[in-house]
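The next block holds one structure in the form of C-alpha cells; read it before the comments.
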Protein chains: 2
Amino acid sequence: MNNNELPIALSNRHIHLKKEHIDVLFGLDHELTKMKDLSQPGQYAAMEKVDLEGKKGVIKGVRVLGPARNKTQVEISKTDSFALGIEAPVRDSGDLDGSAGLKIIGPKGEVVLEDGVIIAARHIHMHTEDAKRFGVIDKQVVSVKTKGKRAITFKNVLVRVNANYALEMHVDIDEGNAALVKNYDLVELVK
Amino acid sequence: MNNNELPIALSNRHIHLKKEHIDVLFGLDHELTKMKDLSQPGQYAAMEKVDLEGKKGVIKGVRVLGPARNKTQVEISKTDSFALGIEAPVRDSGDLDGSAGLKIIGPKGEVVLEDGVIIAARHIHMHTEDAKRFGVIDKQVVSVKTKGKRAITFKNVLVRVNANYALEMHVDIDEGNAALVKNYDLVELVK
C-alpha cells in the first residue's frame, strides 16, 4: 500500500435502528444478534432484517446494523430510491432533518419513519495516526482516484478522523459499480 | 452551453436484436413498432419488451431498441449483472466476443444467447462539427467532469465521431446515479 493509498468498501443498503424501533419491529426489549463484525470497531451486521416500503415499491430483507443508535437511519442508493419511489437526499451520516421517510416492516410490527432515509455521502474513516500520514484533518474534503477500465475521480469526499476508526473509504453500490471496484481495492487520496 | 460542455444521458438496460431473434421472440417477420425516437438519428425505442434470465434471477420488461442490428446486443449495468448472476464485461458497443450470455424470453419464444451481453463502456457521440469544436478525433479517449454534490471525473471516455451522431455522452444507470446526474445535465469534456 503506497503512502497515499487506502482500501475502499461498498456499503449495501442497511438500517441503523433506535431502541424504541427495535422494540416495535422485533418485540419488546429484543436484543440484536451479532452476525459479524464490521471493519469499524464496535459496529456489526446483525442477523435481523427488515423490509422497506415506499410509495412505489418494497425492498425486502434489508440488513440491520448494530449497535442501536439514538436515531433510526436508513441508508440506500439512488437506484434503491427509484425502486421505492422516494426522494432520499445525499447526506452525511446523522444529518437527517428533512430527509426522506418510508415504512419499515419487521416480524413483530411496523414503523412509519417521517425522516431518516438518506443516500450516504461518500466518506473516508481514518484513525488519528492515518490522518497524520495523509496530512489531513477531521472534516477535510478530499478527492479519491480509482484505477482500471472505469477509473474515476470522486470529488467532495469527507474525511472523518477518530481514534476508534479503521482506515477505509465508504461508497454506496451505485458508486462502487460505476467505478467497477470491489471491497478492499486500493484507491488514492488526493488533496 | 460553454465551449467544452455537452449534455449527458443515462442509458437504462436495453436490447438490440438481430432479425432472426426478432422472428423467434415475436413471431416470423415481426416488425418492431416505434414508440419514440432516440437522440441518435435513426435509433428508436420500440414498443416491444423482453425478459432477461440469468443463473440467479430474471429482469422483466427490458426495452427493445430499433432498428434491427447484425448481432444481438444486450446492455445492462453492473447492478443488473449481480441481479441476473452473470459476469458481463465492460465493453464498447459491438465488441461482443467472449462477453456474457443469458436467456431472452419473448411473447412467442426464447433465445439462448451465448454471448452479446455487455456493460456498455461510457462514451461520447459527436457530430463531425462538434469534434472540430472540441478539437478531438474519432476514438480519442478523454475525461469528463460532472458538477454538484457528487461531482466526479470519468476517465477513459471513448469519443465516437460521425456525421450521423448527435452530441451526447452516454453513461449507464450506475454511473449516472453515482454522479447524481439527470438526462441533459451538462458535463465538461477534458482532454
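From the helices alone, meaning DSSP H stretches of at least four residues, give me the mean residue ellipticity at 222 nm for the protein assembly as shown, per-run term -39500 (n - 2.57), in deg cm²/dmol to the nearest 500. If you can, show how the numbers build up before the last one.
Working: 8 runs with 58 residues, N = 382.
Mean residue ellipticity, 222 nm, calculated: -4000 deg cm²/dmol.
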In segment A:114-163, accessible area falls by at least 40 Å² from chain alone to full assembly (1.4 Å probe) for A:122, A:149, A:150, A:151, A:152, A:153, A:155, A:156
With all protein chains in place and a 1.4 Å probe, residue B:28 shows an accessible area in Å² (nearest 10) of 140
If labels are modelled 7 Å from Cα along the Cβ direction, residue A:132 lies from its partners in the other copies at nm distances, smallest first, of 6.1
Whole-Å distance linking the alpha carbon centroid of segment A:88-104 with that of segment B:113-189 is 31
HN-Hα couplings for segment A:164-177 via Karplus (6.51, -1.76, 1.60; θ = phi - 60°), in whole Hz with x for Gly/Pro, come out as 9, 9, 9, 5, 5, 8, 10, 10, 8, 5, 4, 5, x, 5
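By its C-alpha gyration tensor, with a ≥ b ≥ c as the square roots of the eigenvalues, how is segment B:53-112 shaped: rounded for a/c under 1.5, else prolate for a/b larger than b/c, else oblate? Before the final figure, lay out the partial values.
On the way: a/c = 1.62, a/b = 1.02, b/c = 1.59.
The shape class here is oblate.
Provide the percentage of antiparallel DSSP beta bridges, counting only those with both residues in segment A:1-139; round to the nearest 5.
Working: 20 of 28 bridges.
Taking every DSSP beta bridge with both residues in segment A:1-139, the antiparallel ones total about 70 percent.
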Sorted shortest first, the nm distances from the residue B:37 label point (7 Å along Cα→Cβ) to its counterparts in the other copies are 6.2
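Net charge near residue B:30, counting Lys/Arg +1 and Asp/Glu -1 over other residues with Cβ under 10 Å of its Cβ?
Working: positive: B:19, B:108; negative: B:23, B:29, B:31, B:48.
Overall, the nearby charge balance is -2.
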Scattering profile of segment A:122-190 from the Debye formula, Cα beads only, expressed as log10 I(q)/I(0) at q = 0.17, 0.18, 0.29 Å⁻¹, is -0.57, -0.63, -1.36
Listed by chain and number, the lysines with an alpha carbon less than 16 angstrom from that of residue B:139, same-chain partners under 8 positions apart left out, are A:149, B:155, B:191
Kirkwood calc, the protein assembly as shown, C-alpha pairs only, radius in angstrom 22.5
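Out of all DSSP beta bridges in segment A:122-190, what portion is antiparallel? Express it as a percent rounded to 5.
Working: 10 of 14 bridges.
Among the beta bridges of segment A:122-190, antiparallel pairing accounts for roughly 70 percent.
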In the structure shown, of A:19/A:60; A:55/B:145; B:49/B:103; A:71/B:78; A:103/B:56; B:36/B:147, the pairs separated by more than 25 angstrom at the C-alpha atoms are A:55/B:145; A:71/B:78; A:103/B:56; B:36/B:147
For A:56, A:78, the accessible-area ranking with a 1.4 Å probe, largest leading, is A:56, A:78
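Taking all pairs of different Cα atoms in segment B:12-120, averaging 1/r and flipping that mean, what Kirkwood radius in angstroms comes out?
Values: mean 1/r = 0.0730 Å⁻¹.
Its Kirkwood hydrodynamic radius stands at 13.7 Å.
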Charge tally for neighbours of residue A:127 with beta carbon under 11 Å away, counting Lys, Arg as +1 and Asp, Glu as -1, is 0
Heavy-atom accessible area of residue B:31, protein chains in place, probe 1.4 angstrom, given in Å² to nearest 10, is 140
On complex formation of B with A, accessible surface lost, both sides summed, probe 1.4 Å, nearest 100 Å², amounts to 2100
Heavy-atom accessible area per residue of segment A:49-191, all protein chains kept, 1.4 Å probe, expressed in Å², is 45
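Whenever you get a sec, compute what percent of the accessible area on segment A:12-120 sits on carbon and sulfur atoms (1.4 Å probe). Each step should come with its number before you reach the end.
Values: 2650 of 5380 Å².
Ligands and nucleic acids excluded, carbon and sulfur give 49 percent.
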For segment A:147-161, in residue order, the Karplus 3J(HN,Hα) values (coefficients 6.51, -1.76, 1.60; θ = phi - 60°; whole Hz; Gly and Pro = x) are 10, x, 4, 9, 3, 9, 10, 8, 8, 6, 9, 7, 9, 10, 10
Sorting from shortest, the nanometre distances separating the label point of residue B:61 (7 Å past Cα along the line to Cβ) from those of the same residue in the other copies are 2.2
Applied in sequence order to segment B:43-57, the curve 6.51 cos²θ - 1.76 cosθ + 1.60 (Karplus, θ = phi - 60°) yields integer Hz couplings, x standing for Gly and Pro, of 8, 8, 7, 8, 5, 5, 9, 10, 9, 10, 10, x, 4, 9, x
SASA check, residue B:16, accessible area w/ 1.4 Å probe, all protein chains in place, rounded to nearest 10 Å², comes out at 10
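Using just the alpha carbons, could you tell me how many Å³ per residue the convex hull of segment B:38-191 encloses?
Here the figure is 121 Å³ per residue.
The values are calculated or read from the model by the stated rules, or taken from the named source; none is laboratory data. Every value quoted in this text rests on a predicted model; they were computed, and no experiment measured them. As a convention, Cβ positions derive from the backbone with ideal geometry for all residues, glycine included, and neighbour counts pool all protein chains shown. Ligands, DNA and RNA are excluded from the accessible area calculation, which covers all protein heavy atoms including side chains. Shrake-Rupley method; radii C 1.70, N 1.55, O 1.52, S 1.80 Å.
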